[in-house]
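The values are calculated or read from the model by the stated rules, or taken from the named source; none is laboratory data. Keep in mind that this is a model prediction, so the values were computed, not measured. FYI the Cβ positions are ideal-geometry reconstructions off the backbone, even for glycines, and counts take in every protein chain you see. Heads up: the accessible areas ignore ligands, DNA and RNA and are worked out on the full protein's heavy atoms, side chains in. Shrake-Rupley method; radii C 1.70, N 1.55, O 1.52, S 1.80 Å.
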Amino acid sequence: MNVMSLSRMTRCFRTSRALQRYLDGEADDLTAACVAEHLEECRRCGLQARTYQAIKQALRSGSRDVDELALRRLRAFSRSLAEPGGPGTD
Ligand SMILES: [Zn+2]
């Protein structure tokens, strides 16, 4: 694994951890800026952000069953971060 992919993986990991706070509007300015920038450049994290938003929207609208497909995508994303090679290998 080279340095580039390692730093990219670190950014993805940090973004993943801060994403919920960011979407809830609870992240500090610096974190929010970093997350927003990363979501622009990273397709996978962008997808994760959309998935979170879909779940939040479903909860807000009073839907009882959150989209199972969205949850599965989210779990797959979390797993991909822990796997050797990590994101960006597709
Ligand atoms: Zn990412």
Quick one: count up the residues across the range 50-69 that are of a type in the set (Val, Ile, Thr) and either away from the ligand (no atom under 16 Å from the Cβ) or modelled with pLDDT under 85 (or both).
-> 2
Provide a single number: the residues in the range 9-65 that are open to solvent by less than 80 Å² (accessible area, probe 1.4 Å) and basic (Lys, Arg).
-> 2
Over the range 11-49, the set of residues within 12 Å of the ligand (Cβ to nearest atom), free of Cβ contacts under 8 Å to residues at least 12 places away in the same chain and charged (D, E, K, R) is 17, 37, 40, 41, 43
